[in-house]
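Scroll down for the structure; my scribbles are underneath it.
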Amino acid sequence: MGQIGNNDEGLLVKRLKSGDLNAFNQLFHLYSSRLYHFGYGYLKSKAEAEELVQETFCRIWEHKNDLKEEFQFKSYLFTIAFNQIKKQFRSKALLNKYMALVASVSTEDAQTQDDVNYPSLKKLVDRLVDEMPEKRKAVFIKSRYEGKSAIDIASEMNISKSTVENHLNQALRYLRNNLREEHVAGGLFFFLFLQ
């Protein structure tokens, strides 16, 4: 893989900002292999490492207007990739923890085992989220599904940080109450996935 000078890289980033697909392709060829090996080192899966490369470069393209020529592109690229890896680890860890708890449910209580069902609980949560007022739903999705901070959400939605936190608290209270009413396993789901 050939090296590229900082000036040349800055020029490619500048061209990318203006929507130059050729510049994007050059940056992809420069960094995709290193990014793949970086991802594989954490994920230990070829398919997931390849997906990481694709997802990272998709984000680069989607947010090309936000690129700053004075910042090192490589650092920005690998920061995006690392954040994606962290999100993936968090999802996997929570799912593994959930499945371990499912496995530990007493075999004598078949009804409880039937209730502790991730897809049905996820469907229930999705329905409850969909029933929320629009702004509250948007805040919840950005916070819990997209992993955005209260400050980022406030800026994005043009509301105050305290308003974001208020919406989020109400959303969580609403989910907690409804999940507990539905079944015991709902409380378990809430504890693991939504806090």
| said: Return the pair list, or none, for Cβ contacts closer than 8 Å from residues in region 148-168 that are assigned by TED's automatic domain parsing to the domain that holds Glu134 to residues that are basic (Lys, Arg) and surrounded by fewer than 15 Cβ atoms within 10 Å (Cβ to Cβ), at least 6 apart or on different chains. | reply: Ala150/Lys161; Ile151/Lys161; Ala154/Lys161; Met157/Lys135; Ile159/Lys135; His167/Lys135
| field | Which listed residue is in the same structural domain as Asn83 (by TED's automatic domain parsing) and at pLDDT 90 or above, from Leu43, Leu16 | value | Leu16
| query | among the aromatic types (Phe, Trp, Tyr) and not in a helix (DSSP H, G or I), is that true of Phe71? | reply | yes
| What number goes with the only condition from (1) touching a Lys or Arg at 6+ places or on another chain (Cβ under 9 Å); (2) modelled with pLDDT of 85 or more; (3) not aliphatic (A, V, I, L, M) that Glu134 does not pass? | (1)
| message | Give me the residue from region 148-168 that is out of contact with any helix residue (DSSP H, G or I) (no Cβ under 6 Å at 6 or more places or on another chain) and surrounded by 12 or more Cβ atoms within 10 Å (Cβ to Cβ) and, out of that set, nearest to Lys86 (Cα to Cα). | response | Ser149
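The values are calculated or read from the model by the stated rules, or taken from the named source; none is laboratory data. All figures in this text were calculated on a predicted structure; none of them were measured in a lab. Methodologically, a virtual Cβ is constructed for each residue, glycine included, from the backbone with ideal geometry; neighbour enumeration extends over all protein chains shown.
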